[in-house]
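Participant: Here it is, the structure, as structure tokens.
The values are calculated or read from the model by the stated rules, or taken from the named source; none is laboratory data. Worth saying up front: this structure is predicted, and the values here are computed from it rather than measured. Ideal geometry is used to build each Cβ from the backbone, glycine not excepted, and the neighbour counts take in all protein chains shown.
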Ligand SMILES: *[C@@H]1O[C@H](CO)[C@@H](O)[C@H](O)[C@H]1NC(C)=O
Ligand SMILES: *[C@@H]1O[C@H](CO)[C@@H](O)[C@H](O)[C@H]1NC(C)=O
């Protein structure tokens, strides 16, 4: 009886820690938090993005520390891509210009939520891939934010 209870607790604990979506930081200068991918539960293994559709992705950016090292007055770019077995495919993001959502030039200790639609073109097949989001300065390619997460491309459900 005791063993069964312990076993059940262990299974719940392990499945929770295994399934949590992992967002990897790939060299962000600024802090980021609270990444949300539309339709993706906290306990999913991999977020599903539907082929031929837009998916809303949002995150909170916090500039925190000062940034004397680079030109913050420069224009900003989003570089959003899928890595499919080592090949990079760029994705369309709307709005594409981060300064349409964020207050540019970014000031110290500025915090805001960036929210955009990412379109998965119909050239893609259902597969597992890695989504990479980079927010960078246009002139020097300074990575202000970079995160990665596992996603799964799925066909639209037929109605
Ligand atoms: C995806 O979003 C963009 C920008 O809002 C829009 O122009 C496009 O029609 C949308 N595509 C689909 C399939 O909903
Ligand atoms: C930014 O926030 C930190 C922590 O609250 C504070 O120590 C610092 O003075 C702030 N800097 C500016 C320029 O507001």
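Participant: Could you list all residues from the range 31-59 that are in contact (Cβ under 8 Å) with a residue 40 or more places away in the chain, part of a loop (DSSP other than H, G, I, E, B), surrounded by 14 or more Cβ atoms within 10 Å (Cβ to Cβ) and within 15 Å of ligand 1 (Cβ to nearest atom)?
Facilitator: Of everything in the range 31-59, those that are in contact (Cβ under 8 Å) with a residue 40 or more places away in the chain, part of a loop (DSSP other than H, G, I, E, B), surrounded by 14 or more Cβ atoms within 10 Å (Cβ to Cβ) and within 15 Å of ligand 1 (Cβ to nearest atom) turn out to be 51, 53.
Participant: Can you name the strands (runs of 3 or more DSSP E) wholly within the range 74-143 that have at least 1 residues being surrounded by fewer than 16 Cβ atoms within 10 Å (Cβ to Cβ) and more than 16 Å from ligand 1 (Cβ to nearest atom)?
Facilitator: 76-84, 87-90, 111-119, 127-137
Participant: Still on this structure, I have one more. Given the criteria farther than 17 Å from residue 38 by Cα, at pLDDT below 95, away from ligand 1 (no atom under 16 Å from the Cβ) and over 14 Å from the mean Cα position of the chain (by Cα), does residue 68 qualify?
Facilitator: yes
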